[in-house]
Amino acid sequence: MLFEQIQSNKRRTIVLLVGFLILVGIVGAAVGYLLLGSLEYGVVGALIIGVVYTVIMISNSTNVVMAMNHGNEITQADQAPELWHTVEDMAMVAQVPMPRVFVIQDASPNAFATGNSPKNAAVAATTGLLAMMDRHELEGVIGHEISHVRNYDIRISTIALALMAAITLLTNLGSNWWFFGGSNRNRNDRDNNGGGLQVILLIFSILVMVLAPLLAGVIQMAISRNREYLADAGSVELTRNPQELISALRKLGSAKPMANVDPSSAALYISNPLKKKTHLFETHPPIEERIARLERM
């Protein structure tokens, strides 16, 4: 079952990457039309940007994501003994290489894992998590994150994060250029060429600029919700005690939002660090439902 899940995640990685490039191409067409009056130049330029950005993210995802979330790496056990040894123990049980370990200075309890594969993974925990959780609860949380590593969820999450960041970059570029002079170029094109096609393309481009970030967000958040259930079950498999994670989730559910979190990384965390509930755009399953599933184990 675990082997099948890993293979499924690898296949979904390819599908996600293809979907990412298609969505980037559509956004590129919209940006190209708004900026240059050309769909083709926009698609080519956006795909080049998308490929370069994705390669950078995949090849250096740990450092990029940790920098975005202000993670500080610890390299010796005595810097954070309980966290270090818990990560070490859970990685040993899961039979994966020990990830790099990071600490985020934030009073709200939370944690996440990132990387491209188990060989270059990293786990981060907030200072609030280390202060609030006892050793058993910390094992439940770290077991959850190590399950993400073992199941290759981190690769999918990295690509989903790249999708969000790239779409945001392109739409911001198009919006800023459009509002600060790009509109004159398109207005002149429409005046010179006439016809309704230019109007249709303009409406299409504006709609894409508005809807693409929402669509990318829905994709990222749907991926996040689905993988959280699997990682919860994986944590129980590693710790042999569902009560550890149940107790930790109860504490996480009542925690305050994180003070300085990168919004595009929210889906990576074990619990929504923004604490905003928007149903379709919810990055995580309800804590109550996750606890209920664990209690049925």
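Out of curiosity, is VAL199 open to solvent by less than 80 Å² (accessible area, probe 1.4 Å) and at pLDDT 65 or above?
Taking the combined requirement at face value, the residue satisfies it.
Of all residues in the range 34-46, those being modelled with pLDDT under 85 and either among the basic types (Lys, Arg) or part of a helix (DSSP H, G or I) (or both) number 3. For ARG185, indicate whether it is charged (D, E, K, R) and either at pLDDT below 75 or not in a helix (DSSP H, G or I) (or both). Yes.
Selection over the range 88-116 of residues that are under 22 Å from SER157 (Cβ atoms), part of a loop (DSSP other than H, G, I, E, B) and open to solvent by 50 Å² or more (accessible area, probe 1.4 Å) gives a count of 3.
Of the residues in the range 127-146, at least one is within 14 Å of the chain's Cα centre (by Cα) and not hydroxyl-bearing (Ser, Thr, Tyr).
Here ALA80 meets the list (1) more than 21 Å from the chain's Cα centre (by Cα); (2) more than 21 Å from VAL261 (Cβ to Cβ); (3) among the hydrophobic types (A, V, I, L, M, F, W, C) almost entirely, failing just condition (2).
Cβ-Cβ contacts under 6 Å between residues 6 or more apart (or on different chains), taken from a first residue in the range 260-275 that is at positive phi to a second residue that is surrounded by fewer than 20 Cβ atoms within 10 Å (Cβ to Cβ) and outside any helix (DSSP H, G or I), are listed as LYS275/PRO257. Does the range 118-133 contain any residue that is of a type in the set (Val, Ile, Thr), in a strand (DSSP E or B) and either farther than 24 Å from ILE291 by Cβ or without any contact (Cβ under 8 Å) to a residue 60 or more places away in the chain (or both)? Checked the range 118-133: at least one residue is of a type in the set (Val, Ile, Thr), in a strand (DSSP E or B) and either farther than 24 Å from ILE291 by Cβ or without any contact (Cβ under 8 Å) to a residue 60 or more places away in the chain (or both).
Mind checking whether some residue in the range 233-243 is surrounded by 15 or more Cβ atoms within 10 Å (Cβ to Cβ), more than 18 Å from HIS70 (Cα to Cα), hydrophobic (A, V, I, L, M, F, W, C) and at pLDDT below 90? Within the range 233-243, one or more residues are surrounded by 15 or more Cβ atoms within 10 Å (Cβ to Cβ), more than 18 Å from HIS70 (Cα to Cα), hydrophobic (A, V, I, L, M, F, W, C) and at pLDDT below 90. Please identify the pairs in which a residue from the range 56-75 that is farther than 13 Å from GLY115 by Cα and in a helix (DSSP H, G or I) has its Cβ atom under 6 Å from the Cβ atom of a residue that is open to solvent by less than 70 Å² (accessible area, probe 1.4 Å) and of a type in the set (D, E, K, R), counting only partners at least 6 apart or on another chain. Hits for this filter: MET68/ASP262.
Per the listing ALA124, ALA131, ALA165, the residue uniquely among the small types (Gly, Ala, Ser) and at pLDDT below 95 is ALA165. Only a single criterion out of (1) in a loop (DSSP other than H, G, I, E, B); (2) out of contact with any Leu (no Cβ under 6 Å at 6 or more places or on another chain); (3) small (Gly, Ala, Ser); (4) open to solvent by less than 20 Å² (accessible area, probe 1.4 Å) is not satisfied by ALA259, namely (4). Looking across the range 262-292 at every residue that is in a loop (DSSP other than H, G, I, E, B) and open to solvent by less than 20 Å² (accessible area, probe 1.4 Å), the one that is modelled with the lowest pLDDT is identified as THR283. If I ask for residues that are of a type outside the set (A, V, I, L, M, F, W, C) and either touching a residue at least 60 places away in the same chain (Cβ under 8 Å) or in contact with a His (Cβ under 8 Å, 6 or more places away or on another chain) (or both), which ones from the range 244-259 would you list? GLU244, SER247, LYS251, LYS256, PRO257, listed by residue number. Looking only at residues in the range 64-87 that are among the β-branched types (Val, Ile, Thr) and open to solvent by less than 70 Å² (accessible area, probe 1.4 Å), the one that is farthest from THR127 (Cα to Cα) is VAL64.
The values are calculated or read from the model by the stated rules, or taken from the named source; none is laboratory data. Owing to the predicted nature of the structure, the values given are computational and were not obtained by experimental measurement. Cβ atoms come from the backbone with ideal geometry, glycine included; neighbour counts cover every protein chain shown. Side chains included, ligands, DNA and RNA excluded: accessible areas come from the protein's heavy atoms. Shrake-Rupley method; radii C 1.70, N 1.55, O 1.52, S 1.80 Å.
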